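**Q** The structure's right below; bear with me while I get my questions together.
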Amino acid sequence: MNTENSADWQKRLEIPGRVSFLEGQGDLSVINVNTEWSTAEIFLHGGHVAQFQKRNEPPLLFLSQFSRYDQGHSIRGGIPIILPWFGARDGQPSHGYARIKDWDLKEICSSVNGGTSLRFQLPDYPEAGSPMPFSADYLVTVSDTLELQLVVTNKSSEENLVFENCLHTYFAVGDIAAVTIAGLKGAVYEDKVEDFAQKTEADDVIRVGSEVDRVYLDTTAPVEILDPSLGRKIRVEKDGSASTVVWNPWIAKARQMPDFGNDEYLQMVCVESGNVARNKLILPPGKTSVLTVRLSSAPLG
């Protein structure tokens with residue numbers, strides 16, 4: 001962890017008018033980013049991008065009013081970092097430990113075009129083994145778009161690193177009943193609602209009218225979320241990702257989650273980019289993988 005005095009370290013990294021440090025909910029450290037086009041809020045806890053909003057637009061990301069803000073729990077909404085495994089694992093935190101650990105902020109850079117980039121790093125944690133078999137850096141670039149890069153390097157000189165990664169993005173929508181999701185026609189997916197039944201997406205667009213929990217495999221295509229209620233189209237572009245996950249808990253599951261409002265399923269949908277299930281990554285010694293996700297929005301024409 002950073003041994004420099006916290007106040008001095010923050011003062012050194014702050015960029016007046018662009019990047020400031022605050023005490024967020026639950027006394028968690030939060031970074032506010034302000035650009036010509038947009039604002040963002042990033043917690044050190046989980047390296048978690050909690051908010052991104054373009055000027056004169058509704059927030060791009062959904063954040064639950066009931067989210068927990070404490071050590072040991074992931075923030076409900078925004079963009080949790082799923083690493084080094086996806087889903088449940090006996091005796092271990094669901095979706096890995098990266099989303100519930102504090103990340104170190106290493107660097108802040110401003111680009112000539114007005115964007116701001118922040119580089120985070122996951123410190124060594126006992127859960128990962130000692131020493132941790134990989135390094136993980138996370139680069140967040142805020143401008144008129146939101147770009148995320150998760151960089152994982154296998155530190156071993158002898159053994160492969162087998163892992164899953166995913167940026168579990170919660171998008172804010174006006175009314176889920178009116179939303180369509182395009183870009184996945186023809187993709188094979190595992191339907192977790194039906195005991196991981198393997199299916200092929202036959203429809204041009206996906207509509208959500210019940211619980212949806214699907215892992216689309218072997219797909220690198222961009223995905224668009226068309227939201228007539230907000231008059232907005234969200235585009236999810238990705239590199240270094242072979243899986244796309246689509247999730248909405250719907251009524252029953254929403255009521256089972258203590259950190260999620262009973263009716264909040266109506267205002268969100270997750271479209272997640274990563275490498276999970278049979279698309280898990282096998283990284284040779286000394287090699288690096290890069291998962292890049294670019295999120296943009298435009299009026300729905």
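**Q** Looking at the range 144-202 only, could you name the residues that are polar (S, T, N, Q) and under 20 Å from the mean Cα position of the chain (by Cα)?
**A** Matches in the range 144-202: Thr145, Gln149, Thr153, Asn165, Thr169.
**Q** In this structure, does Val188 turn out to be under 14 Å from Thr244 (Cα atoms), open to solvent by 20 Å² or more (accessible area, probe 1.4 Å), modelled with pLDDT of 95 or more and in contact with a Ser or Thr (Cβ under 7 Å, 6 or more places away or on another chain)?
**A** Considered against the rule, which asks whether it is under 14 Å from Thr244 (Cα atoms), open to solvent by 20 Å² or more (accessible area, probe 1.4 Å), modelled with pLDDT of 95 or more and in contact with a Ser or Thr (Cβ under 7 Å, 6 or more places away or on another chain), Val188 comes out as yes.
**Q** OK, next. Just to be sure I understand, how many residues within the range 221-241 are more than 13 Å from Ala182 (Cα to Cα), open to solvent by 60 Å² or more (accessible area, probe 1.4 Å) and either in contact with a Lys or Arg (Cβ under 7 Å, 6 or more places away or on another chain) or not in a loop (DSSP other than H, G, I, E, B) (or both)?
**A** Counting residues in the range 221-241 that are more than 13 Å from Ala182 (Cα to Cα), open to solvent by 60 Å² or more (accessible area, probe 1.4 Å) and either in contact with a Lys or Arg (Cβ under 7 Å, 6 or more places away or on another chain) or not in a loop (DSSP other than H, G, I, E, B) (or both) gives 1.
**Q** Mind listing just one residue for me: the one in the range 274-301 that is β-branched (Val, Ile, Thr) and in a strand (DSSP E or B) and, of those, farthest from Phe163 (Cα to Cα)?
**A** Taking the candidates together, the pick is Val293.
**Q** Here is a further query. Select, from Tyr69, Tyr97, the only residue that is more than 24 Å from Ala277 (Cβ to Cβ), open to solvent by less than 40 Å² (accessible area, probe 1.4 Å), of a type in the set (Ser, Thr, Tyr) and in contact with a helix residue (DSSP H, G or I) (Cβ under 9 Å, 6 or more places away or on another chain).
**A** The unique qualifying residue is Tyr69.
**Q** With respect to the numbered conditions (1) modelled with pLDDT under 95; (2) among the acidic types (Asp, Glu); (3) closer than 20 Å to Thr292 by Cα, which one is the sole condition not fulfilled by Glu164?
**A** (1)
**Q** One residue is enough: does the range 250-262 have a residue meeting the conditions surrounded by 14 or more Cβ atoms within 10 Å (Cβ to Cβ), among the basic types (Lys, Arg), touching a helix residue (DSSP H, G or I) at 6+ places or on another chain (Cβ under 9 Å) and not in a strand (DSSP E or B)?
**A** yes
**Q** Evaluate the following for Asp144: is it at pLDDT 95 or above, open to solvent by 50 Å² or more (accessible area, probe 1.4 Å) and out of contact with any Leu (no Cβ under 8 Å at 6 or more places or on another chain)?
**A** Here the answer is yes, as Asp144 does meet what is asked.
**Q** Looking only at the range 13-43, how many residues end up being of a type in the set (D, E, K, R), modelled with pLDDT under 95 and within 24 Å of Ala98 (Cα to Cα)?
**A** Count: 2.
The values are calculated or read from the model by the stated rules, or taken from the named source; none is laboratory data. On a predicted model such as this, the values are computed, not experimentally measured, just so you know. Glycine also receives a Cβ, built like all others from the backbone with ideal geometry; neighbour counts cover every protein chain displayed. In case anyone asks, the SASA skips ligands and DNA or RNA and just uses the protein heavy atoms, side chains included. Shrake-Rupley method; radii C 1.70, N 1.55, O 1.52, S 1.80 Å.
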